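Undergrad: Quick one: the structure is below, and I'll ask about it shortly.
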Amino acid sequence: MKLVAGNSNRPLAEAISAYLNVPLAKAQVKRFADMEVFVEIQENVRGEDVFVIQSTSFPTNDHLMELLIITDALRRASARRITAVIPYFGYARQDRKPAARTPISAKLVANIIAHAGVDRVLTLDLHAGQIQGFFDIPTDNLFAAPILARDIKEHLDGGNRMVVSPDVGGVVRARALAKRIDAPLAIVDKRRERPGESEVMNIIGDVSGRSCILVDDIVDSGGTLVNAADALLANGAREVYAYITHGVLSGGAVARIAGSKLKELVITDSIMPTEAVKVAHNIRVISIAPLMGEAIGRTATESSVSSLFD
Ligand code: R5P
């Protein structure tokens, strides 16, 4: 087995390498002066089972291009099998046509990745499960839920917990986590008036006196979370936490969350945390390296990946 890392999240790739006790393959992934991507795999990969670790996170297009070019280099170097390990799959939110004459970019990106020569994909908490079907190659969609549930049990008082979906679309995900930690479920009925803005309307469920745990796949601007936290507190919640798999946190999101009433936002390292994230007083990062490492190991030995979530 060989592990190759792009530049999107080197610390995560190193943690996965430590978990598996397999060193990262020697490779150069750098830029020419005009910012074109240049890749050189500096060790033999002929006949190898290669895992390329690369989130297609900000800057999304650059990191996607790195993944494609690394794949091309490996294919031309006669790797036996190439698995793209994409802890955060960018473009996932463009998974349908919200209006006439708009693209389905998630499908396009899936096509490009497969055409580049990737044989299989290992990803985490896709924005919508059916995106798995956009790839015409075997794709495993792992779940962060067991890691999040373990952290909740370690940090939050059991009796008073309530899981909350910040919108109707996230109910299935929130219910799955609620089941794991044996907590009731509430839902924020959110209406989005304009793209990029979110507005909380009302809460389905009695949250008074509860320690609420907002659960979602992505925190981007932070608007959804901050508005949901305000609505929950206005409805009598005692405190509000958030557990989110992918900390996209673009623009002024970190400052927005730091200045919000959220007691703590817990994210994973599927996207490399920025310095601002690391020093924020109410953001904590937990690692998916053991989960990704275990899934890579099982893929390499052709053993069950789904049993990781039983
Ligand atoms: C939307 O469907 C996603 O699950 C998230 O709720 C959304 O991406 C969060 O975005 P923001 O943090 O910008 O409100």
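Undergrad: Within the range 290-310, how many residues turn out to be acidic (Asp, Glu) and either under 16 Å from residue 119 (Cβ atoms) or open to solvent by less than 50 Å² (accessible area, probe 1.4 Å) (or both)? Even if it seems obvious, please write down each step before you answer.
TA: Of all residues in the range 290-310, those acidic (Asp, Glu) come to 294, 302, 310.
Among the residues that remain, those that are also either under 16 Å from residue 119 (Cβ atoms) or open to solvent by less than 50 Å² (accessible area, probe 1.4 Å) (or both) are: 302.
Matching residues across the range 290-310 total 1.
Undergrad: For residues that are within 18 Å of residue 92 (Cβ to Cβ) and free of Cβ contacts under 8 Å to residues at least 40 places away in the same chain, tally how many sit in the range 45-61.
TA: The total comes to 3.
Undergrad: Tell me whether the range 97-115 contains one or more residues that are assigned to a loop (DSSP other than H, G, I, E, B), within 23 Å of residue 297 (Cα to Cα), open to solvent by 50 Å² or more (accessible area, probe 1.4 Å) and without any contact (Cβ under 8 Å) to a residue 60 or more places away in the chain.
TA: Checked against the condition, which is being assigned to a loop (DSSP other than H, G, I, E, B), within 23 Å of residue 297 (Cα to Cα), open to solvent by 50 Å² or more (accessible area, probe 1.4 Å) and without any contact (Cβ under 8 Å) to a residue 60 or more places away in the chain, the range 97-115 yields no hits at all.
Undergrad: Examine the range 260-270 for a residue that is more than 13 Å from the ligand (Cβ to nearest atom), open to solvent by 50 Å² or more (accessible area, probe 1.4 Å), among the polar types (S, T, N, Q) and touching a residue at least 12 places away in the same chain (Cβ under 8 Å), and state whether such a residue exists.
TA: Looking for residues that are more than 13 Å from the ligand (Cβ to nearest atom), open to solvent by 50 Å² or more (accessible area, probe 1.4 Å), among the polar types (S, T, N, Q) and touching a residue at least 12 places away in the same chain (Cβ under 8 Å), one finds none in the range 260-270, hence no.
Undergrad: Kindly indicate which of 148, 126, 142 is within 25 Å of residue 61 (Cβ to Cβ) and within 16 Å of the ligand (Cβ to nearest atom).
TA: One residue alone meets the criteria, 126.
Undergrad: Turning to a different aspect of this structure: Just to be sure I understand the filter: pairs with C-beta atoms under 6 Å, separated by 6 or more residues or on different chains, first member in the range 166-194 and closer than 22 Å to residue 130 by Cβ, second member acidic (Asp, Glu) and modelled with pLDDT of 95 or more. Which pairs pass?
TA: Going by the 6 Å Cβ cut-off, the qualifying pairs are 166/216; 170/216.
Undergrad: I'd like to check something: does the range 75-82 contain any residue that is part of a loop (DSSP other than H, G, I, E, B), under 21 Å from the mean Cα position of the chain (by Cα) and at pLDDT 95 or above?
TA: no
Undergrad: What residue, among those in the range 280-310 that are β-branched (Val, Ile, Thr) and not in a loop (DSSP other than H, G, I, E, B), is farthest from the chain's Cα centre (by Cα)?
TA: 299
Undergrad: Moving on. Which ones in the range 46-56 are within 16 Å of residue 121 (Cα to Cα) and not β-branched (Val, Ile, Thr)? Write out each step before concluding.
TA: Our first condition is that a residue be within 16 Å of residue 121 (Cα to Cα); within the range 46-56, this holds for 49-56.
Selection gives 49, 51, 54, 55.
Undergrad: Answer yes if at least one residue in the range 48-70 is within 16 Å of the ligand (Cβ to nearest atom) and open to solvent by 30 Å² or more (accessible area, probe 1.4 Å), and no otherwise.
TA: Checked the range 48-70: at least one residue is within 16 Å of the ligand (Cβ to nearest atom) and open to solvent by 30 Å² or more (accessible area, probe 1.4 Å).
Undergrad: When you go through (1) under 21 Å from the mean Cα position of the chain (by Cα); (2) open to solvent by less than 30 Å² (accessible area, probe 1.4 Å) one by one for residue 240, which number turns out not to apply?
TA: Evaluating residue 240 over (1) under 21 Å from the mean Cα position of the chain (by Cα); (2) open to solvent by less than 30 Å² (accessible area, probe 1.4 Å) leaves (1) as the failure.
Undergrad: I'd like the full set of residues that are among the basic types (Lys, Arg) and within 23 Å of residue 54 (Cβ to Cβ), limited to the range 249-288.
TA: 278
The values are calculated or read from the model by the stated rules, or taken from the named source; none is laboratory data. Computed from a predicted model, the values in this text were never measured in an experiment. Here Cβ is always computed from backbone atoms with ideal geometry, including for glycine, and neighbour counts include all displayed protein chains. To get the accessible areas, we keep the full protein, side chains included, count just its heavy atoms, and leave off ligands, DNA and RNA. Shrake-Rupley method; radii C 1.70, N 1.55, O 1.52, S 1.80 Å.
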